[in-house]
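The values are calculated or read from the model by the stated rules, or taken from the named source; none is laboratory data. In this text, all values refer to a predicted model and were calculated from it rather than measured experimentally. Cβ: placed from backbone, ideal geometry, glycine included. Neighbour counts: every protein chain shown. Heads up: the accessible areas ignore ligands, DNA and RNA and are worked out on the full protein's heavy atoms, side chains in. Shrake-Rupley method; radii C 1.70, N 1.55, O 1.52, S 1.80 Å.
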Amino acid sequence: MIRRAIALGFFGLTTAGAIAAPVRADDVTTFTLGNGMEVVVIEDHRAPVVTQMVWYKVGAADEDPGDSGIAHFLEHLMFKGTETLAPGEFSATVEAQGGNDNAFTSWDYTSYFQRVAADRLDLMMQMEADRMRNLRLPEEDVLTERNVIIEERKSRTDSNPSALLSEQMRAAQYLNHPYGVPIIGWKHEIAELSRQDALDFYGLYYAPNNAILIVAGDVAPDAVKEMAEKYYGPLQPSAGIPARIRPTEPPQLAERRMVYRDDRVSEPYVIRSYLAPERNPGDQSKAAALIILAELLGGSSTTSLFAQSMQFGDAPKAVYTSASYNGTSVDVGSFSLVAVPMPGVTLDQVEAGLDKVIADFLVSGPDPDDFARIKTQIRANEIYARDDVDGLARRYGEALATGLRIQDVQDWPAVLDAVTPEQVTQAAVEVLSRNNAVTGWLMPEEVGQ
């Protein structure tokens, strides 16, 4: 998550120190340092800027039971200084160079990044490598930052009915898997996090052999390799990093439902989340079908099936609808639906509208014209995405940090393009079962069912 906010196995690696040839169209070069750090270089020489991202393959789902929030807590503490950098000096230095920096934590990874002029990359690597192994945490800084995070939770979660419902739904969705624990942590556990907890987590997971370096922009691979070997190469790897084997979810046998009432709610809505397959290396077709399913059902506020059926026509039921799929994760993903009713329309009526669209779709499948339009939009989006070097860095980093390979990232547009209507219908049948879902109603106290 973004700092101060709530916010990959490797394919084609050669022996340590040797650079592989650029892979396909993205001008991507990969190599591995002798200490196990994976490096990806994405060349884009249109502007003299560069983005450096370091992705640690650890997130909230890797925390020990009872230590929820430690991954996010450490993200904050990483800006508290080293033997050579005072607290806050890292970001101040980036800003003084005309750049910007930040960090974010997810369930599966933690990432730190800077965007600066290309000739400042050497300095960024020096500082980032320094804090990978030389973090200093005075007790007073730890206690102060812990209070900051408790206040962050109060302002972003505890005072937000929508966030509270989402948190409760996620906990109900994942009965056995740590994806059900909030990234920021449960408040009572945040309050108990200690300096030693942070240092233990840091010492185990913040290591070159658990990190991926992404450098994207106006750079040459040989120059990046030389800098990476100079600054990251001497860092010692960690021994005993646990394998990412998490508890699996038992089969869900019945729908889970909840109603959250709060007098601060001004706009009630229905939200539903289904467990869904994640993207897997070499096997992305089902995830691609779910991407297209989400676009067909609720990807557009005007042309999607939900919009056409529920927001327009003679008797509209909703002012807003959407569908989304999140499958770039180490373990099981999710598929979500949202509908905000029109004034005078009840939540059960708007939920019935969602269910009718889904039921009709399961019978008829994708409309050929809609399917062709979505495919065209996806192709266009993939082309436009190549113009965003920061977005490419994030795309590769997120994929590699969750177990995908370089080849999977580069095959993804073709996999999306190859999806058939029959695959989309089959994915809908497999995923969109109420027995596989958590449904939530958010409403003010005075609204009846």
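How about the range 273-310: which of its residues are assigned to a strand (DSSP E or B) and over 27 Å from Asp369 (Cβ atoms)?
Ser273, Leu275, Asn280, Asp283
Can you tell me which of Phe79, Phe113 is open to solvent by 10 Å² or more (accessible area, probe 1.4 Å), part of a strand (DSSP E or B) and either touching an Asp or Glu at 6+ places or on another chain (Cβ under 8 Å) or within 30 Å of Ile42 (Cα to Cα) (or both)?
Phe113
Tell me, which helices (runs of 4 or more DSSP H) wholly within the range 182-242 include 1 or more residues that are closer than 21 Å to Met53 by Cα?
Because the criterion is at least 1 residues that are closer than 21 Å to Met53 by Cα, the helices (runs of 4 or more DSSP H) in the range 182-242 that meet it are 195-205, 221-231.
Do we have Glu249 as in a loop (DSSP other than H, G, I, E, B), acidic (Asp, Glu) and modelled with pLDDT under 95 here?
yes
Looking at the range 399-449, which of its residues are of a type in the set (Gly, Ala, Ser) and closer than 30 Å to Arg264 by Cα?
Matches in the range 399-449: Ala437, Gly440, Gly448.
Here's a check for you: in the range 404-449, which residue that is of a type outside the set (A, V, I, L, M, F, W, C), assigned to a loop (DSSP other than H, G, I, E, B) and closer than 30 Å to Asp360 by Cβ is most open to solvent (accessible area, probe 1.4 Å)?
In this case the residue turns out to be Gln449.
From Ala372, Ala399, Ala393, grab the single residue that is over 25 Å from Val332 (Cβ atoms) and either open to solvent by 10 Å² or more (accessible area, probe 1.4 Å) or out of contact with any strand residue (DSSP E or B) (no Cβ under 9 Å at 6 or more places or on another chain) (or both).
Going through Ala372, Ala399, Ala393 in turn, just one is over 25 Å from Val332 (Cβ atoms) and either open to solvent by 10 Å² or more (accessible area, probe 1.4 Å) or out of contact with any strand residue (DSSP E or B) (no Cβ under 9 Å at 6 or more places or on another chain) (or both): Ala372.
May I ask you to list the residues in the range 179-218 that are open to solvent by less than 10 Å² (accessible area, probe 1.4 Å) and among the β-branched types (Val, Ile, Thr)?
Ile184, Ile190, Ile212, Ile214, Val215 - these are the residues of the range 179-218 that are open to solvent by less than 10 Å² (accessible area, probe 1.4 Å) and among the β-branched types (Val, Ile, Thr).
Would you point out which residue out of Ser336, Ser329 is open to solvent by less than 40 Å² (accessible area, probe 1.4 Å), at pLDDT 95 or above and closer than 21 Å to Thr302 by Cβ?
Ser336
Working carefully through the options Ala92, Ala103, find the one that is within 21 Å of the chain's Cα centre (by Cα) and of a type outside the set (Phe, Trp, Tyr).
Going through Ala92, Ala103 in turn, the sole match is Ala103.
Consider the range 147-178. How many of its residues are part of a helix (DSSP H, G or I), hydroxyl-bearing (Ser, Thr, Tyr) and open to solvent by less than 30 Å² (accessible area, probe 1.4 Å)?
1
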